[in-house]
Amino acid sequence: MTYNIMTCGVGGQGLMLVSNIIGLTCAEYGLNIRTAETHGLAQRSGSIYTHIRIGDDVFSPLIPYGEADVLLGMEAIESLRYIEFLKPNGVIILNDYVWQPVQSTFDRVNDSEVKYIKVQDIIEKMKEITTKIFVVNALELALKAGNSLTSNVILLGALSKIKGFPIPKEQLKSMIPHVVPKKAIEVNLKAFEIGYEEIK
Amino acid sequence: MIVDVISEDKGKAFLFCNEAIVRGALEADVKVVAFYPGSPVSEILDTFYQISDKMEVKMEIATNEKVALEIVAGASMGGQRSLTALKSVGLNVASDTFFSLGYTGVNKGCVMVFADDPYCHSSQSEEDGRFFAEYGYFPLLEPTDPVEAKQMVKEAFEISEKFQTLVLMRTTTRINHQSTVVPLEPLNRTKFMPSSFRSYNRSYATVGSRARELKSELLKKRDRLQAEFENSKYNTITGDTSDIGIITSGVSYNYVLEVVRKLNINPLILKLGTTNPLPNNLVKKFIEPLKSVIIVEELTPYLENKIKALSKDVNPQLTIFGKESGHFSEANEYNIPIVLTVIREVFNISSEHDYEKILLDANKLKSILPVRIPVFCPGCPHRATFWALQRAVGNNSDKIAFMNDIGCYSMLLLNKKIYSKLHPDDLLLAMGATIGTASGVSLASEDKVISIIGDSTFFHAGLPGMINISNNYENVVIIVLDNSVTAMTGQQPNPGTGYGPSGAPKHKIQIENVLKGMGFENIVINDCFDTKSCIPEFRKALEEPGPTVIISRGPCALWNDRNKRKRGEKIQPFFIDNEICRKCHTCMRDFYCPAISMESEEGEYIEESGKTWNGYSSHISMELCDGCGVCSILCPYTDHENRSEKDVIKPFSKEREVRHDL
């Protein structure tokens, strides 16, 4: 069995932390994993993604189109941008957040008729290919956990609740202290739990 | 993770490929490393940077790739195992020394990792460095993933010492930027012991008659290497006997493995891990009984042309499915859909996979999406510099020529709508090319030439061109964007930073002193965050004949943030007072900071005089604002020198933390 997770967002949102925690857990508990990451130029407030692939038959670092079990979107525009990777009726965990690209701001400054895209516009499009969309307000929940920078761990917690996700929740959670700074362990563990509870 | 790279007791670890390469070199007891950063291999440098003192590895961040290669070659000749890593275009820079090294050979294990970048993720051209190996007579290893990369880099040191040659290991972006669980072997590090170059009493000199002698030895060495590679464990044949075979190498092998499983076939696959010299006999034996062969390799038909030549001897009727047949492209990188489509066609089998339809459907959904192009970070000094430069150019946009270069500022080119007055896509060739081309354009045309170059690029490849400009008194404005580090590749220190690996102090080279030494008379130093005061300086330089060099100084925001975090400081973001914002958009226009967006609801502000301002206010994201405050300088309704409640853009009372992953 292969389990594919496509994570996407904007450079600087902490996607790497999510794939690192999953990767460390796999190494610790004997699962085969391969990830493909974005580095370099695109990290400058550009569109970024990580392909995460778990299973014995995984060789390619890239997920084939139409085979991601879960699309984990830290930002709404970038979630739709990689929609070709999602399985028919696959799961989308969507952060209720649009980071408007400066190119859109440019268009609005220069043309008063132009509007920003909204999360709802994006969800409408996603509904055309899946019914399993979980919208999570990660920033709000991260603030509830105690630190706005834990949005990524909120979504990781949500991911661990998804039916079929191959890593037990406690195993995943146990690796968080290995990758976050000491003083941030507690707030991240709390964020993970809050994210987990968010998926009903 | 770094802790795993130097772990003494772990049997396996989840490693990024560039970390796995470092681990392999450490297991091989490497003693000297030198690099110039470049994506996709920058993290090899970054990893060594953090551990070199703990592991007793002597490390230098060299001024460029040629110097880095010379450092490791010299270290090998001097008696220490050494390694460098560079990107495809970095090998172009190093190539002069590179080809001579083939002739002279080396002494202790000397390894060069180089990475091609199919799809140009972060390069100006798609190059196929395998030809460098063939042309230079160097052994070439190509791993398929991080596990093999670690094994190969380790073995490369052995091959290097056995054959007294520099050994190359080639990766591609998809291999470097991949993570997986990698088995670890013991580190067994030995203490660094200085050697004696003199005691080896060998010559590494090549010219004329000596070069001719060395060439004939080099050809013999190649033949011995070929014989060695015929039995290499990195070349494998798997699968059932069949009429159709597949030959592949590198990351393409992974796609092939997964595709044959998807299609439920088990054909003969020859995976090549040693691609120069090619194990000709092994290849011949493989293709001899076949009717046809599919060759899966990204970029040029390097293997294909060699296999075609070999088939002439053993199987002239062999049908080859590859680039010439039109099945695969020489452009971009491959993936499972591309490889599956060809293998399915050649094997004449059907499957449900309809990737075209998936893409078509997805593209319909995506038609509503705005573009998102990489831009300067919040707090980036370049944004401030180019705001001022656009203002200075003003209505003279049609009288300038703009020479761009390699660095974060290359992104101007991607955002040419925002920077339209500068014509940022006039020219961008290669590291430092901004300077030489500026001379040429100024010779040829009457336009005022603006040439931009970063501090690291200035040291890397700008110096010879700069001397040429000073020497010939060319009519050029050169803007040195000095943000103190090599920002684009991950904020590594450079000769102007003042420290090196593990934070050890280094002799800081001041750019203005270098320029004075070169004979430049007009040298201006701007604080780029004091944006408005930069405009007259730019204007003056554009009006005056002859060369002016403007150093536009301000620290890289990412680097600055990381330093703040180390010092325990926080960021004080700014906010826009919606109640009094005049909705004039001056803070956005020509500036376009990613932290500033426009409100979605219209608002109104009525002045005491009754004057009314309607429209959409600006909004600053507290999470994204870096606190540079430049927007508050631009705002006509903010007095940044005497801040008060009347200002539209104000510093937020609450500070925010710096991200820990910076």
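No lab work stands behind these numbers, since they all come straight from the coordinates. Just so it is clear, the structure is predicted and the values come from calculations on it, not from any experiment. Every residue, glycine among them, receives a Cβ derived from its backbone with ideal geometry; neighbour counts consider all protein chains shown.
Numerical summary
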read-out	value
Calculated [θ] (222 nm, deg cm²/dmol) that DSSP helices of n ≥ 4 give over chain B, each run adding -39,500 (n - 2.57)	-11000 deg cm²/dmol
Alpha carbon centroid spacing (whole Å) that separates the stretch B:229-296 from the stretch B:306-368	16 Å
Surrounding net charge for B:I606, when Lys and Arg each add one and Asp and Glu each subtract one, Cβ distance under 13 Å	-1
Normalised contact order of the stretch A:3-198, rounded percent, pairs of Cα under 8 Å and 6 or more residues apart	21 percent
Cross-link table A:K87/B:K364; B:K54/B:K108; B:K31/B:K233; B:K221/B:K312; B:K233/B:K323, entries beyond 20 Å C-alpha to C-alpha	B:K54/B:K108; B:K31/B:K233; B:K221/B:K312; B:K233/B:K323
Bridge type composition, the protein assembly as shown - antiparallel percent by DSSP, nearest 5	35 percent
Per-selection Rg to Rh, the stretch A:139-200 - Cα, Kirkwood hydrodynamic radius	0.95
DSSP bridge pairs, the stretch B:381-564: antiparallel proportion in percent, nearest 5	10 percent
Beta bridges per DSSP with both ends in chain B, % antiparallel, nearest 5	30 percent
Hits among lysines - C-alpha to C-alpha of B:K448 under 28 Å, sequence gap 8 or more where chains match	B:K399, B:K416, B:K417, B:K421, B:K516, B:K532, B:K540
Helical contribution to [θ] at 222 nm, DSSP H n ≥ 4, -39,500 (n - 2.57), averaged over chain A, rounded to 500	-12000 deg cm²/dmol
For the protein assembly as shown: rounded, prolate or oblate by the Cα gyration tensor [a/c cutoff 1.5]	oblate
Between the stretch B:504-538 and the stretch B:380-408, the alpha-carbon center distance in angstrom	17 Å
Per-q log10 I(q)/I(0), the stretch B:381-564, q = 0.11, 0.12, 0.17 Å⁻¹ (Debye; single scatterer per alpha-carbon; no solvent)	-0.43, -0.51, -1.06
Most mobile of A:A68, A:A27, A:A138 in a GNM of chain A (Cα contacts under 10 Å)	A:A27
Cα gyration tensor shape for the stretch A:88-200, rounded if a/c is under 1.5, else prolate or oblate	oblate
Share of Cα-Cα pairs in the stretch B:570-662 lying beyond 21 Å, as whole percent	30 percent
Cross-link pairs beyond the 31 Å C-alpha cut-off, checked among A:K161/B:K150; B:K87/B:K308; A:K144/B:K650	A:K161/B:K150
Neighbourhood net charge (13 Å Cβ-Cβ; Lys/Arg +1, Asp/Glu -1) for B:L45	-4
Principal semi-axes in Å for the stretch B:236-359 [√(5λ), Cα gyration tensor, largest first]	23, 16, 13
Translational diffusion coefficient (Stokes-Einstein; Kirkwood radius from C-alpha pairs) of chain B at 10 °C, 1.306 mPa s, in µm²/s	57 µm²/s
Aspartates and glutamates whose Cα lies under 20 Å from that of A:K118, excluding same-chain neighbours fewer than 8 positions away	A:E75, A:E78, A:D96, A:D107, A:E128, A:E140, B:E599, B:E601, B:E602, B:E623
